[in-house]
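One structure is given here, and the rest of the page talks about it.
Computed from the coordinates by the stated procedures, all read-outs in this text should not be read as laboratory data. Quick caveat, the model's predicted, so the values are computed rather than measured. Please note: Cβ atoms are built from the backbone with ideal geometry, for glycine as well, and neighbour counts cover all protein chains shown.
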Amino acid sequence: MTDDDASDPLRDAIATALAGQVYTPPTPTTERQFAEISEAEYLSWLTPQAMIDAMPYGIANYDQLGRELGADRYLAAAHEVIWVHDGHTGRDKFARLHSWLWRTAMPPIKSPFWRTGSLDATFRQEGNLSVSAQSSLQIFGVRFWSPFMGAAPLVTASTEPRSATKATGRPPKDYWEDVIIAMMVRWAEGDIKPKRQSEVAEAMKDWLDARSEKWSETTIKERAKKVFNAIQVAESKQ
């Protein structure tokens, strides 16, 4: 038997923890991905074509709107966003849209979006992953706000989860493989010796919060269970 054939406990434990990281249908959730504004605030904003017509830059209105939205100087919200991310799906009403959307998926000037206010967007996530490693958005009823319309709107803080990425944050990213490996390495090095799944969950939250990553309780529990089970299997072989 060669060294390559020998069993590596950490490698085996990581493989166990990562097992099942393939496509499964997204699980519905009521947790929000987008901060909420009030219905009255949303209705006071301008439709896409009305915003283009109201801007003072003439033929440069479209290009300038993209710059303003991408810089978070102008704001956007949707009547509803149907989203799929990290194995979950949800429907957010009166959703404040992130500025990165316009930096990465600004509709062309001839797009039906400017008449309908509807937009579909898919973001390939980083890493050597399967087709399931995508985040998709179906956006309906987009409206815009700009400084010439008055005071900036207030976001309903109570509807924004602790883990929510701020409006200037990056697009969704599949970092769960990284955090799972990090937890298994910490276990192998003796940094964590969890006796309960909840201890793994707290360690994951600390790791993610330290990197300003987004997470939800549901997703944390699912990954923590994988890691805790893998640790139990590995410790039973020692």
Value in Å of the Kirkwood radius, where region 199-238 supplies the Cα pairs that are averaged: 10.8 Å
Cα→Cβ-extended label distance, 7 Å offset, between Ala105 and Asn229, nm: 3.2 nm
Qualifying trypsin sites (Lys or Arg not before Pro) in region 62-115, DSSP loop, other Cβ atoms within 10 Å at most 14: Arg73, Lys110
Sites Glu80 and Asp53 - FRET efficiency at Förster radius 35 Å, r taken between beta-carbons, to 0.05: 0.90
For region 112-121, Karplus couplings with θ = phi - 60° (6.51, -1.76, 1.60), whole Hz, Gly/Pro x: x, 3, 5, 9, 9, x, 10, 8, 10, 9
Cα centroid separation - region 193-220 against region 54-90, whole Å: 32 Å
